[in-house]
Amino acid sequence: MIAAAAAAMAFAIVVGENKPANDDAQTLQYADDDAAAMTELLEEAGVKVAMLTTFDADSSRRATRKPDGPATKASLVSSLSSMRRQVAAAKAAGSSTTFYFVFSGHGGIRAGEGYLTLEDGRLTRPELTDAFVAAPFADVTHVILDACDSGFMVYPKGSSRRQPTPGPLLQEPAASVGMVFSTSSARDSHEWARFQGGIFSVEVRAALRGAADVDGDGRVTYPELGAFLDRANAALTTIQYAPNPYLRGPQGDGAVLSWAGGDTLTIDVPNAGHIFVEDADANRIVDVNAAPSWTPVVHLPPSRPLFVRTVATNEERRVDEKGSFALSALRPQRGPSPPKGANDAQFERLFSDVLGPNHVRAWVPPKPPEVAPDPFATIGVAGVGVGAVVLLGAALSNAAAQNIHDEGLDKPNLERQARNEQIDALNIVTRITLSTGVAVVGVGVGALAWRQFHDTE
């Protein structure tokens, strides 16, 4: 008798932190909500999740699940140790294993290293790389980061600063590691009150709920996710609002998430355009805009009621019962018109373009983030190097003057007078080069010190 293969097992640590590392940076509103929503989605898909966040009052009121701990380094270390043990046990039982690390919040740079902001400190680039990327403990690992410039982890969400980056966040990741970053260049990530979440996080969750599953196999792959993100943001005309995501799938299967059941909504109305689903608290669940060549099946959360809105016609359909439904079977009624804010003119363009199989086939993975020079490092190293050369010149000039002096001690007065003139000239050169060298070295040391201690967020 052949024993049945053990089921695949998936585990995740989901982190959301609203607070910045610096008092002069903007506090986020929805990173905790993004963590809760991603936790709900992953658990519906059968993933065992440790959620690390601290809810604000509004999020706490609406939450259906308590966090497993705050977004502190101690909680992260403890959760990571627990996950390692669970993954090891699953492997020992013969299961294939997948691990997710999901983060929504602030990022920044300090002492030339990128970091993610936790409640009590910073998770640095080397720490993240060592924990999840360089030597992953699961068969497949997915790292999903929603923070400004998350391809480099230099700028905070909501900041307008434009410091050049010191290098990519993740260097030489293992082949089994997939990466989904909200931006691969110096751009901000944005939140929108209408979404009650970060725009990129909402888009990723929509894709994972099936809005990107163009071939309908219950698996969302990296090409499907990448094409979905491209099409979701294609109509944005203001570059500061447009995400520039970076995706790199792991070798092998290439699925970000797989579903094996649950309540669904089949979008069987052709040419319906942009459709979205919200819960009773106006939390955005999923957005979809399908080309006529495919019929999306999106996965619904267990909470009821849900509201299905067709944007073009402003029709709203209400879902009160558990189970799976077809859009055509739900009775439409006129929906309310939400109030508009300053950002709505741009963000309402999201999901304006349809997604179809041809877009997935045509999707090209983005290039890895390019390394931009760090001016403080460049100035610092150049200043110290050039200053050292100038100081060496001053030392050589001074040594030459001393040598001329010593050799002229037993010379006739006339020759000593000529030597003294040479010494005077060399002394002038020495003073000029010495002062110049000290100044240049000072500039270099100052630039390096600024880079070392200036915390950008």
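The values are calculated or read from the model by the stated rules, or taken from the named source; none is laboratory data. If you're wondering where the values come from, they're calculated on a predicted model, not measured in any experiment. Neighbour counts run over all protein chains shown; Cβ positions are idealised from the backbone, glycine included.
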Wholly within region 193-308, strands (runs of 3 or more DSSP E) carrying at least 2 residues that are among the basic types (Lys, Arg) and out of contact with any helix residue (DSSP H, G or I) (no Cβ under 7 Å at 6 or more places or on another chain): none
If you scan region 198-229, which residues turn out to be surrounded by 20 or more Cβ atoms within 10 Å (Cβ to Cβ) and of a type in the set (Asp, Glu)? Glu203, Asp213, Glu224
Mind listing just one residue for me: the one in region 47-94 that is within 26 Å of Ala260 (Cβ to Cβ) and among the hydroxyl-bearing types (Ser, Thr, Tyr) and, of those, surrounded by the fewest Cβ atoms within 10 Å (Cβ to Cβ)? Thr64
Find the residue count for region 25-46, including only residues that are without any contact (Cβ under 8 Å) to a residue 60 or more places away in the chain and surrounded by fewer than 19 Cβ atoms within 10 Å (Cβ to Cβ). 2
The conditions are (1) modelled with pLDDT under 80; (2) within 42 Å of the chain's Cα centre (by Cα), and Ala439 fails exactly one of them. Which is it? (1)
Taking region 61-81 and keeping only residues that are under 22 Å from the mean Cα position of the chain (by Cα), in contact (Cβ under 8 Å) with a residue 40 or more places away in the chain and assigned to a helix (DSSP H, G or I), one is left with Lys73, Ala74, Leu76, Ser79, Leu80
Selection within region 18-60 - at pLDDT 95 or above and part of a loop (DSSP other than H, G, I, E, B): Ala45, Gly46, Val47, Thr53, Thr54, Phe55
Which listed residue, of Ala92, Ala135, Ala88, is without any contact (Cβ under 8 Å) to a residue 12 or more places away in the chain and hydrophobic (A, V, I, L, M, F, W, C): Ala92
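Taking the stated definitions as given, is Asp320 surrounded by fewer than 19 Cβ atoms within 10 Å (Cβ to Cβ) and either over 13 Å from Asp213 (Cα atoms) or of a type outside the set (Val, Ile, Thr) (or both)? Please lay out each step first, then the result.
Numbers: surrounded by fewer than 19 Cβ atoms within 10 Å (Cβ to Cβ): yes; either over 13 Å from Asp213 (Cα atoms) or of a type outside the set (Val, Ile, Thr) (or both): yes.
Yes: the conditions hold for Asp320.
With at pLDDT below 95 and surrounded by fewer than 20 Cβ atoms within 10 Å (Cβ to Cβ) as the only criterion, which of Glu191, Glu172 stands out? If you could, list the steps in order and put the result at the bottom.
Details: Glu191 fails: surrounded by fewer than 20 Cβ atoms within 10 Å (Cβ to Cβ).
That would be Glu172, the only listed residue that is at pLDDT below 95 and surrounded by fewer than 20 Cβ atoms within 10 Å (Cβ to Cβ).
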Result of the Cβ filter at 6 Å on region 219-237, keeping first residues that are over 17 Å from Ser201 (Cβ atoms) and partners that are in a loop (DSSP other than H, G, I, E, B) and of a type in the set (S, T, N, Q), at least 6 apart or interchain, is Ala235/Ser352
Scanning region 94-122 residue by residue, the ones that are aliphatic (A, V, I, L, M) and modelled with pLDDT of 90 or more total 2
Just one of Val311, Val360, Val286 is modelled with pLDDT of 90 or more, surrounded by 12 or more Cβ atoms within 10 Å (Cβ to Cβ) and touching a strand residue (DSSP E or B) at 6+ places or on another chain (Cβ under 6 Å); which is it? Val286
Unmet requirement for Gly69, which otherwise passes all of (1) out of contact with any helix residue (DSSP H, G or I) (no Cβ under 8 Å at 6 or more places or on another chain); (2) within 24 Å of Gln26 (Cα to Cα); (3) modelled with pLDDT of 95 or more; (4) of a type outside the set (A, V, I, L, M): (1)
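Within region 90-98, is there a residue that is assigned by TED's automatic domain parsing to the domain that holds Phe132, among the basic types (Lys, Arg) and more than 21 Å from the chain's Cα centre (by Cα)? Steps first, please.
To start, the set of residues in region 90-98 that are assigned by TED's automatic domain parsing to the domain that holds Phe132 comprises 90-98.
From the residues that got through so far, the ones that are among the basic types (Lys, Arg) too are 91.
Subset that is more than 21 Å from the chain's Cα centre (by Cα): 91.
Checked region 90-98: at least one residue is assigned by TED's automatic domain parsing to the domain that holds Phe132, among the basic types (Lys, Arg) and more than 21 Å from the chain's Cα centre (by Cα).
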